[in-house]
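Throughout, read-outs are computed from the coordinates displayed, never taken from laboratory work. Not measured: the values here are computed from a predicted model. Cβ coordinates were reconstructed from backbone atoms using ideal geometry, including for glycine residues, and neighbour counts include every protein chain displayed.
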Ligand code: ASP
């Protein structure tokens, strides 16, 4: 993506996207359902273009990233730093959720059973930590790539990239050059698709505003407020503190450099769809090397979802509160841990977080028709919450990339707003 901060504002992508969001909202309100029916396909087409590039981009990026890390120690070090950051930030996020839900107590005294229920999307997720681990190793790589099974793809690409580093120089150079060239082609393709972003966003927002009914229940509003406060706290307190403490990076500069991917995450509700933009902005504006960015970000888009971790924790405890359960400290700790796990298992697509909430609910034995009714009404208002938590998911990934890059001696990271 070109640096466009010298262009007039109306030619800068993030302004175009913001304008498209406003125009989309106005169109949705004014023209309602017919506009959604006429314009919806444009949004779908744009999402499909983004999805089209995810697998080859992640593949090229991880293999060339890992292969360029150099084998053995260097890779191991990068891997443990990245994983350490992801676990720390997600655990903090789930704890923030726990704090907020105990402070605001959105579900206490609410009468929600009998509320309108919507259908839950079907999504296969692991039911236990062991199952999650088994899911990560693909039985068949081609099948994993064909079905977009990101954890399995990432696992294969990491070990394949690592294997390249062990080859004799001649073969190794052929393969690293090949994957580097492949990556460059994928990046060029990405930039081309991103030019159409404002049009895609316009259509997506029009449809969302035209089709979402704003039926509001008081408890649901309180629930939304709790999630909003938790996600905001994580965005403006926890992550900035991590940036300062772990890497002495100015959160203000990092935030300013990241505005485009944040807006895109917000309008697409998908960290996966945002990944191409996150990668190019983290490299070109934040200033992280390709080596670190292509290692940290694809993995982060899939496993590191802080906004989702806040959401899982608040959502599960909200349901427990509505049903009148008083959870013990141990049960609350289990919720925090499974919320972390569920956020790892959630796919980087819209609404994935709401589906994996059943992992958390199962862990504390909450099941049955009443639970389904409450989850159904949570689904009705999930879209705006999903937009917000996705933006924070992406922001945490970029913070991770910046922190790991600084710790690897990359002094140019986030020195100015670019
Ligand atoms: N939509 C989120 C994402 O892609 C996942 C979620 O539903 O929480 O990051």
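Is the shape of the range 285-418 best called rounded, prolate or oblate, per the rule: a/c under 1.5 gives rounded, else a/b larger than b/c gives prolate, else oblate, with a ≥ b ≥ c the square roots of the Cα gyration tensor eigenvalues? It is prolate, given that a/c is not under 1.5 and a/b is the larger ratio. To test your reading of the geometry: what angle, between 0 and 90 degrees and rounded to tens, separates the Cα axis of helix 169-194 from the longest principal axis of the chain? Roughly 50 degrees, rounded to the nearest 10.
If you plug the beta carbon distance of residue 362 and residue 170 into 1/(1 + (r/R0)^6) with R0 = 45 Å, you get a FRET efficiency near 0.30. Here residue 407 and residue 236 are evaluated by their C-beta separation; at R0 = 22 Å the FRET efficiency comes out at 0.40. Ordering 337, 262 by the number of other Cβ atoms within 10 Å of each residue's own Cβ, fewest first, gives 337, 262.
For residue 178 and residue 37, the FRET efficiency from 1/(1 + (r/R0)^6), where r spans their Cβ atoms and R0 equals 35 Å, is about 0.15. Mean residue ellipticity at 222 nm, helices only, the chain: -25000 deg cm²/dmol; runs of at least 4 DSSP H residues each add -39,500 (n - 2.57), and the sum is divided by the number of residues. Given the options 244, 227, 164, which has the most mean-square fluctuation in a GNM of the chain, springs set between C-alpha atoms less than 10 angstrom apart? In this elastic network of the chain, the residue with the biggest mean-square fluctuation among 244, 227, 164 is 244. Relative contact order of the chain, taken over Cα pairs closer than 8 Å and 6 or more residues apart, is 31 percent. Of all the C-alpha pairs in the chain, what % are more than 26 Å from each other? Summing the P(r) tail past 26 Å for the chain gives 54 percent.
Dimensions of the range 156-264 based on its C-alpha atoms, expressed as ranges along the principal axes with the largest first, amount to 66, 39, 28 Å. Peptides 96-103, 21-28, 197-204 ranked from most to least packed give 197-204, 96-103, 21-28, packing being the mean of other C-beta atoms within 10 angstrom over each peptide's residues.
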